[in-house]
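Note sheet for the following structure.
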Amino acid sequence: MERTIRNIKTEELDDLTIILHAGLMVFGVLAWFTGEWAGDYKKMVHLGFTVHKWLGMGTALFIGARLFHGLYGPDQARFAHWVPYTWERLQLVCEDLRTLLTLKLPNRSPHQGLAGLWEAFGLVIFTWMTTTGFCMFFFLAPGQKARGLMHLVKELHEFGGSLVPIFLAIHVAAVILHALTGDHRWRKMFGFSSDS
């Protein structure tokens, strides 16, 4: 796949955005990965559920911080400046999709166009998972089956969990494709220089 060449000023992400991304990456993926172990909440001894819920609380801290940072942080981190909810931003998403159909990768600043849409989708999924997980953390009684409203919350949490691997697969694939075409922006997320 080729990259389209455009003169687009790449806005650097601030350090807090990078730290929050790393925290979400670690805690969010580990919480999702341990989700299958959490089914032991019905038993009196429920190590899987305990591990999963504490990893979920770590994710909740990072999601809460990222949402706050997206509302009150620097311009490039604020949702108001990149989430594609305006006609102009939605046109960038459509333009990026047309570019992909020509087997070229869009070349945009972080959080713009299709990348912005996908990152917003990821934040929605992890916020969903955090909200439902938070309810279960405080209101699900280990040692017994979930019933009533708690059963519904558990089902909603599990549905959100089925969206996580879709988000991760496409997000990681996009990072790999960009790296293969010479865009090593991913390096900054791990504390390396992005131009090496």
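The values are calculated or read from the model by the stated rules, or taken from the named source; none is laboratory data. Everything numeric here is computed off the predicted structure, so don't read it as measured data. Using ideal geometry, Cβ is built from the backbone for each residue, glycine included, and neighbour counts are taken over all protein chains shown.
In this structure, is Glu155 more than 28 Å from Val45 (Cα to Cα), of a type outside the set (Phe, Trp, Tyr) and out of contact with any Pro (no Cβ under 8 Å at 6 or more places or on another chain)? When the stated conditions are applied, Glu155 does not pass them.
Yes or no: the stretch 52-66 includes at least one residue that is of a type in the set (Lys, Arg) and under 27 Å from Cys135 (Cα atoms). Within the stretch 52-66 (the criterion being of a type in the set (Lys, Arg) and under 27 Å from Cys135 (Cα atoms)), the answer is yes, since at least one residue qualifies.
Residues are listed down the side, and each one gets a yes or a no for (1) crowded, with 17+ Cβ neighbours inside 10 Å; (2) modelled with pLDDT of 90 or more; (3) within 17 Å of the chain's Cα centre (by Cα); (4) over 20 Å from Leu20 (Cα atoms):
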residue	(1), (2), (3), (4)
Glu88	no, yes, no, yes
Cys94	no, yes, no, yes
Leu100	no, yes, no, yes
Phe121	no, yes, yes, no
Thr132	yes, yes, yes, yes
Phe138	no, yes, no, yes
Gly148	no, yes, no, yes
Glu158	no, yes, yes, yes
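Kindly evaluate Thr59 against the criterion of being out of contact with any strand residue (DSSP E or B) (no Cβ under 6 Å at 6 or more places or on another chain), polar (S, T, N, Q), modelled with pLDDT of 95 or more and surrounded by 13 or more Cβ atoms within 10 Å (Cβ to Cβ). Yes: the conditions hold for Thr59. Within the stretch 102-116, if we keep just the residues that are under 20 Å from Phe167 (Cα atoms) and of a type in the set (A, V, I, L, M), the residue that is modelled with the highest pLDDT turns out to be Leu114. The residue pairs whose first member lies in the stretch 28-42 and is in contact (Cβ under 8 Å) with a residue 60 or more places away in the chain, whose second member is surrounded by fewer than 18 Cβ atoms within 10 Å (Cβ to Cβ), and whose beta carbons are closer than 6 Å, counting only pairs six or more residues apart or on different chains, are Tyr41/Pro142; Lys42/Lys145. When the stretch 102-117 is filtered for residues that are surrounded by 18 or more Cβ atoms within 10 Å (Cβ to Cβ) and closer than 30 Å to Gly35 by Cβ, the ones remaining, listed by number, are His111, Leu114, Ala115, Gly116, Leu117.
Met44 fulfils the conditions (1) assigned to a helix (DSSP H, G or I); (2) farther than 18 Å from Pro110 by Cβ; (3) over 21 Å from the mean Cα position of the chain (by Cα) except for a single criterion, (1). Leu67 fulfils the conditions (1) over 20 Å from the mean Cα position of the chain (by Cα); (2) in contact (Cβ under 8 Å) with a residue 40 or more places away in the chain except for a single criterion, (1).
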